[in-house]
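**Q** This is the structure, below, for whatever I ask next.
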Amino acid sequence: MPVSELESAEALAAAAGGDEKRAYVQRIFSQIAPRYDLLNHLLSFNIDKAWRRRAIASLDWERTPTGTYVDLCAGTLDVAAELAARPGFAGRVIGADFAEPMLRAGIGKAPREVVSPVVADALDLPLADGTASGAIVAFGIRNVTRLDAALREIYRVLEPGARFVILEFTTPRSVIVRAGYHLYFHQILPRIGALVSGHRTAYAYLPRSVANFPIEEDLAARFRSAGFADVQWRTLTFGVAAIHSGVKR
Ligand SMILES: C[S@@+](CC[C@H](N)C(=O)[O-])C[C@H]1O[C@@H](n2cnc3c(N)ncnc32)[C@H](O)[C@@H]1O
């Protein structure tokens, strides 16, 4: 199947960040929720699990092990469950996502007393100012329509000294790596994704949305504009993903 057939005009517009993006993203994740975990681990050769663990290690939750943490764009709650299972973690995790079927697919991964799934938009979190001890988002922030507004909203809910961590795909800089990455991400992955999920366009949207996401230096600058201090980033696995972090002043 040619990739062009997998790329509906709607998916392309959504990936470019048009007005359709919010509704499109909410709909596709609701539709692919039952197969999301399987495809995630299959398409990433299970590396996604190690990446999530590294992102959690950057959250500095040990600073306040009894605090309230936000797993933003939580999906099927993999990050929330992994954080909840860390030895010594005695806090609570709010898994916020606007696609309810994704949250439902994750129920059972962690004790209910520790992880609370909440249907909420990243741009309007149901938390009072300065009440979260940390926040993390894995593979979600590139899907949010208004990135700067989302960064400000996260900043609002964090307490001073709390860290925000983003784990996200990025485009590798090395020409050689980029050639293999492009072949896999833009040609092979959309076909496997369509086959296994039964959704024609969702996995064509994925590489497009990564291509349209800011590069590391730009994202770091936007962290600083939102107010974050101690902004850092490092790339993972030949530069196909990156972990960003910043601290609320
Ligand atoms: C690729 S999944 C990532 C899920 C999970 N964090 C993980 O590590 O597998 C992206 C998630 O972001 C959610 N999402 C996208 N935009 C959102 C928004 N504005 N507010 C809340 N959730 C959003 C989607 O519903 C989807 O579940």
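**Q** Read phi for every residue in the stretch 23-35 and hand back ³J(HN,Hα) as whole Hz from Karplus 6.51 cos²θ - 1.76 cosθ + 1.60, θ = phi - 60°, with x for Gly and Pro.
**A** 3J(HN,Hα) across the stretch 23-35, in whole Hz: 5, 4, 4, 4, 6, 5, 5, 5, 6, 8, 3, x, 10.
**Q** Additional query: Work out from phi, with θ = phi - 60° and the Karplus expression 6.51 cos²θ - 1.76 cosθ + 1.60, the ³J(HN,Hα) of each residue of the stretch 243-249, listed in order in whole Hz, and give x for Gly and Pro.
**A** 10, 10, 8, x, 10, 5, 5
**Q** How large a share of the accessible area of the chain, in percent, is made up of carbon and sulfur atoms when the probe is 1.4 Å and the other protein chains stay in place?
**A** 56 percent
**Q** Taking a probe of 1.4 Å, how large is the accessible area per residue of the chain, in Å²?
**A** Per residue, the chain has an accessible area of 44 Å².
**Q** OK, next. Can you list the HN-Hα couplings for the stretch 78-83, worked out from phi with the Karplus curve (6.51, -1.76, 1.60; θ = phi - 60°), rounded to whole Hz and with x for Gly and Pro?
**A** Karplus values, whole Hz, x for Gly and Pro: 4, 5, 4, 5, 5, 5.
**Q** Whose amide H sits under 5 Å from the amide H of Gly130, counting only residues 5 or more places off or on another chain, with H placed in the peptide plane?
**A** Amide H neighbours of Gly130: Val157, Leu158.
**Q** Mind putting a number on the dipole of the chain about its Cα centre? Charges go on the C-beta only, +1 for Lys and Arg and -1 for Asp and Glu, and I need it in Debye to the nearest 20.
**A** I would put it at about 400 debye.
**Q** For Lys109, Lys248, what's the largest-to-smallest order of accessible area, 1.4 Å probe?
**A** Largest to smallest exposure gives the sequence Lys109, Lys248.
**Q** Taking the Cβ of Ala229 as the centre, find all other residues whose Cβ is under 12 Å away and add up their charges (Lys, Arg: +1; Asp, Glu: -1).
**A** Here the charged neighbours net out to +3.
**Q** Another question, if that's okay. Suppose each label sits 7 Å from its Cα in the direction of the beta carbon; what would the Asp124-Ala85 distance come out to in nanometres?
**A** Modelled inter-label distance: 3.4 nm.
**Q** Ok, one more. Taking 0.36 nm per residue of separation and subtracting the Cα-Cα distance, what length does fully extending Val175 through Glu100 add?
**A** Full extension from Val175 to Glu100 adds 23.1 nm.
**Q** Given just the C-alpha atoms of the stretch 133-227, how large is their convex hull per residue in cubic angstrom?
**A** 109 Å³
**Q** If you don't mind, there's one more thing I want to ask. Could you sort 174-181, 99-106 so that the peptide with the highest average Cβ count within 10 Å comes first and the rest follow in order?
**A** 99-106, 174-181
**Q** In units of 2.2 N^0.38 Å, what is the alpha-carbon radius of gyration of the chain?
**A** Ratio of Rg to 2.2 N^0.38 Å for the chain: 0.95.
**Q** Right, something else. Kindly rank 210-221, 232-243 from highest to lowest mean number of other beta carbons found within 10 Å of each residue.
**A** 232-243, 210-221
The values are calculated or read from the model by the stated rules, or taken from the named source; none is laboratory data. Keep in mind the model is a prediction, meaning the values are calculated, not measured. Note: ideal-geometry Cβ built from the backbone for every residue, glycine included; neighbour counts use all protein chains shown. Just so you know, the surface numbers come from the protein's heavy atoms only, side chains and all, with ligands and any DNA or RNA stripped out. Shrake-Rupley method; radii C 1.70, N 1.55, O 1.52, S 1.80 Å.
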